[in-house]
Amino acid sequence: MGQKPVLVTTTLPSKEEALKMANNLVKNKLAACVNIAEVFSVYEWENSIQEDNEFKLFIKSFEYIWPKLKDAIKENHTYSVPEISMIYIEDMHDEYKSWMSDNCLVS
């Protein structure tokens, strides 16, 4: 695992929970920045189609932090089966990546 920037996503059922999670991740330097967007989700749960408003977190971090970040999301999530996905960022503005490095855990 290296200094590759990643985008991690998860969803939460309320704005309050999303803000709490985002603040926790940034405070603990597991993420440099978290964007929160309201989304509408359609999915199957327990043999029934669900339609819900949720809050999507777009978490900017680094590959070397991924294991700790994933664990922190799992430990603080209210869903029994949370979506936690990591996407590699192929390229990024150098100054932004430097800023992210200054605001995340040291590898």
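Please give every one of the lysines within straight-line cross-link reach of LYS4, meaning a C-alpha to C-alpha distance under 17 Å, and leave out same-chain neighbours fewer than 8 residues apart.
Cross-link targets: LYS29, LYS60, LYS68, LYS70, LYS97.
Let me check I've understood the local charge: for ALA37, count other residues with C-beta under 15 angstrom from its C-beta, Lys and Arg +1, Asp and Glu -1. What total comes out?
Value of the local net charge: -2.
Taking the structure as given and computing Cα extents along the principal axes in Å, which label from (1) 72, 30, 25; (2) 36, 32, 29; (3) 44, 25, 22 fits?
Correct label is (3).
Anyone know which of GLU83, GLU44, GLU75 comes out most mobile in the 10 Å Cα GNM of the chain?
GLU44
With a cut-off of 8 Å between alpha carbons and a minimum separation of six or more residues, what is the relative contact order of the stretch 1-69 in percent? Walk me through the intermediate numbers first.
Numbers: 117 pairs, mean separation 32.9, N = 69.
Worked out over the stretch 1-69, it gives 48 percent.
Would you calculate the separation in nanometres between label points at ASN103 and ASN47, each defined as 7 Å from the Cα along the Cα-to-beta-carbon direction?
Each label point lies 7 Å from its Cα, and together they span 4.7 nm.
Can you give the calculated 222 nm mean residue ellipticity of the chain, where each DSSP H run of n ≥ 4 adds -39,500 (n - 2.57) and the sum is split over every residue, rounded to the nearest 500 deg cm²/dmol?
-9500 deg cm²/dmol
We did not get these values from a lab; they are worked out from the coordinates using the rules stated. Everything quoted here is computed from the prediction, not taken from an experiment. Every residue, glycine as well, gets a Cβ built from its backbone with ideal geometry; the counts of neighbours run over all protein chains shown.
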